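Undergrad: Provided herewith is a single structure, encoded as structure tokens, for subsequent inquiry.
The values are calculated or read from the model by the stated rules, or taken from the named source; none is laboratory data. Remember, predicted model here, so these are calculated numbers, not experimental data. Glycine gets a Cβ as well: all are built from the backbone with ideal geometry, and neighbour counts include every protein chain shown. What goes into the accessible areas is simple: the full protein's heavy atoms, side chains included, and nothing from ligands, DNA or RNA. Shrake-Rupley method; radii C 1.70, N 1.55, O 1.52, S 1.80 Å.
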Amino acid sequence: MFSIADIKHLINPAVERALSQNNFFPAARRNALDVINKTLGSNFTESSSPSPADTWLALPFAWLVEFFTLSYISNPSDEFRQRAEFKYSEALRLLKSYANANPSKPARCAEIEGITSL
């Protein structure tokens, strides 16, 4: 979905270095997409290209990636951990707010002579 280059201006420089120098990004990206998909009822994949309407997801995605990268950084400071946990909470708040404001429409399985069946 988003690359490190897409979100590096949204994350802590130490996290960006850790993601760039190590192979932590794929796992953090998978975890972040899992949270986004579950919260929004979406089906974004690692190879999805965000549409212009989905570019707002860069911020919550970046904050989720930063949070999930904590487990790969040895001895993060308490302040760093607290900020990452706060950003995680804010990312969830943004996603839930969007999901509540934009409820998914039920999928149509069939339409016969103007009658929709689920």
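Undergrad: With respect to GLU79, determine if the residue is more than 12 Å from the chain's Cα centre (by Cα) and more than 17 Å from LEU10 (Cα to Cα).
TA: On the way: more than 12 Å from the chain's Cα centre (by Cα): yes; more than 17 Å from LEU10 (Cα to Cα): yes.
In short, yes.
Undergrad: Give the residue that is most open to solvent (accessible area, probe 1.4 Å), with candidates limited to residues of the range 64-75 that are without any contact (Cβ under 8 Å) to a residue 24 or more places away in the chain and more than 12 Å from GLU16 (Cα to Cα). Lay out the reasoning, then the answer.
TA: Start the filter on the range 64-75 by keeping residues that are without any contact (Cβ under 8 Å) to a residue 24 or more places away in the chain, which leaves 70-71, 74-75.
Next, only the ones that are more than 12 Å from GLU16 (Cα to Cα) stay: 71, 74-75.
Values: SER71: 97, SER74: 96, ASN75: 147 Å².
This residue is ASN75.
Undergrad: Another one. Do we have PRO103 as crowded, with 16+ Cβ neighbours inside 10 Å, out of contact with any Asp or Glu (no Cβ under 9 Å at 6 or more places or on another chain) and not in a helix (DSSP H, G or I) here?
TA: Working: crowded, with 16+ Cβ neighbours inside 10 Å: no; out of contact with any Asp or Glu (no Cβ under 9 Å at 6 or more places or on another chain): yes; not in a helix (DSSP H, G or I): yes.
The answer is no for PRO103.
Undergrad: Could you tell me whether the range 36-46 includes any residue that is part of a loop (DSSP other than H, G, I, E, B), on the phi > 0 side of the Ramachandran plot and either small (Gly, Ala, Ser) or open to solvent by 40 Å² or more (accessible area, probe 1.4 Å) (or both)?
TA: First, pick out the residues of the range 36-46 that are part of a loop (DSSP other than H, G, I, E, B): 41-46.
Then keep just the ones that are on the phi > 0 side of the Ramachandran plot; that gives 41.
Then keep just the ones that are either small (Gly, Ala, Ser) or open to solvent by 40 Å² or more (accessible area, probe 1.4 Å) (or both); that gives 41.
Yes, that holds for at least one residue.
Undergrad: Within the range 1-31, how many residues turn out to be aromatic (Phe, Trp, Tyr), in a loop (DSSP other than H, G, I, E, B) and modelled with pLDDT of 90 or more? Please lay out each step first, then the result.
TA: Just the residues of the range 1-31 that are aromatic (Phe, Trp, Tyr), to begin with: 2, 24-25.
Going one step further and asking which of them are in a loop (DSSP other than H, G, I, E, B), we end up with 2, 24.
Retained after the next criterion (residues that are modelled with pLDDT of 90 or more): 2.
Residues that pass the stated criteria total 1.
Undergrad: Okay, next question. Could you grab me the full set of residues in the range 47-59 that are in a helix (DSSP H, G or I), in contact (Cβ under 8 Å) with a residue 12 or more places away in the chain and open to solvent by 20 Å² or more (accessible area, probe 1.4 Å)? Break it down into steps so the answer makes sense when it comes.
TA: To start, the set of residues in the range 47-59 that are in a helix (DSSP H, G or I) comprises 52-59.
Right, trim to in contact (Cβ under 8 Å) with a residue 12 or more places away in the chain and you get 56-59.
TRP56, LEU59 - these are the residues of the range 47-59 that are in a helix (DSSP H, G or I), in contact (Cβ under 8 Å) with a residue 12 or more places away in the chain and open to solvent by 20 Å² or more (accessible area, probe 1.4 Å).
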